[in-house]
1. Which parts of the range 305-335 would a label at residue 158 reach, counting a residue when its backbone N lies under 14 Å from a point 7 Å out along Cα-to-Cβ?
2. Hey, got a sec? Which chymotrypsin sites (Phe, Trp or Tyr not before Pro) in the range 256-294 land in a DSSP loop and have at most 15 other Cβ atoms within 10 Å?
3. Return the FRET efficiency for the residue pair residue 328, residue 295: r is the Cβ-Cβ distance, R0 is 25 Å, and the value is rounded to the nearest 0.05.
4. Please give the Cα centre distance for the range 18-85 versus the range 278-314, rounded to the nearest Å.
5. Based on the mean of other Cβ atoms within 10 Å per residue, sort peptides 167-174, 105-112, 66-73, 154-161 so the most packed one is first.
6. Which residues does a label at residue 259 reach in the range 208-230, if reach means a backbone N under 15 Å from a point 7 Å past the Cα toward the Cβ?
7. Could you give the length gained on full extension between residue 94 and residue 320, defined as 0.36 nm per residue of separation minus the Cα-Cα distance, in nm?
8. Apply the Karplus curve 6.51 cos²θ - 1.76 cosθ + 1.60, θ = phi - 60°, to the phi angles in the range 310-320 and return the couplings in whole Hz, x for Gly and Pro.
Amino acid sequence: MINNSLTLEVTENKIKFAEAGLEGKQINVTNLALSENSIFFYENDLPKTVSEQVKLVDELYERSKLKEKNLNIVLPDTYCFTQITSMPKLKEKELLSAIRYQADQFIPMPLNETALDLEIVYEDKASNRILVMIVASPQTLIKKIGDLTDQLGLIPDSVENQTSAIARLLSLVFTPEVKTGYSVFINFGYKSNTLYLYSHELGLVIDLHLVKLGYEMFLKEIQINLQSDYAKNKEILRNIGFGSDGSLNINDIIEPSFNEIVAEVEKYILFVKDKYKITQLNQIYLINETEDIHLLDKKIETAISLPVKIFDLKEYVKLTPTIASYQSQLSLFVSTIGGCIR
């Protein structure tokens, strides 16, 4: 029997639910739900903001006929601090001390104001070293999530960020076409992109880099140049994007934002090639908001001269009539579904 669990992911512009479980290397998804999010939930701490967010989440929960009260929470990478680091295998007390020292190097706030979590993702017995993922979130953010779930009458079993959920999903179900080399995954978010280096040999995400440039940049460029509203901007990006054969050509408008993001991706590729002595970079995969910008994958492929495609979760999901309407949007749910499978 598959033990499906429920996950809620609230991003800056979307609310997502997934109910899923792991069946071998296949994911059994029994429910997906998606709605637009118009509440600036992460931007301020006003009680009214939480109440308004509760209303939208509750409407989606009820409309989707969800019943489970226990759930997992996935947070946007933008508001968390994450690092994957290689360390010698130590005793628990020494490891915790070393982790806190590592965390102090990349968290721009006092550690006593953060919630810290760690996961050993790989142990190399030959070298007696371990690969550790460290994730830190402001305690104020965790409290806000607690207020949200309390008002919803839901019980959070876990709270993690997108990186943690995505990395776990890839390690459990992703099967690369070749067993050697590396791929880069781009988690294209609303306010940021997270770049992941995936080792085909280990079957793991072994490195990451957060770039605070995202989908929002393209929306703002269109708004400034065309004086159109938010809904119209989204429609333009989704239906026209980098296309050039429609009634409206916005390539010149969104090109500067695209060039900024591509420059960061190219820098990261050069960095990891040098750090890991990579001679074979196989593929770039796109997930999350990438389907909301028409032909973004083709544009990146041309700019970087590497194969680029949107990560097709359909290969790893047992499709049911319940989720049939979301088949073309599954890349939006990679982190949400990742929150369900353990």
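No lab work stands behind these numbers, since they all come straight from the coordinates. What you are looking at is a predicted structure, and each value in this text was computed from that prediction instead of being measured. Because the Cβ atoms are built from the backbone with ideal geometry, glycine has one as well, and the counts that use them run over all protein chains shown.
1. Within reach of a label on residue 158: 335.
2. Those that pass, being in a loop and sparsely packed, are 276.
3. 0.95
4. 25 Å
5. 167-174, 154-161, 66-73, 105-112
6. None, by backbone N distance to the label point.
7. 76.6 nm is the gain from fully extending residue 94 to residue 320.
8. So the J values, rounded to whole Hz, are 6, 4, 8, 6, 4, 5, 10, 10, 7, 6, 10.
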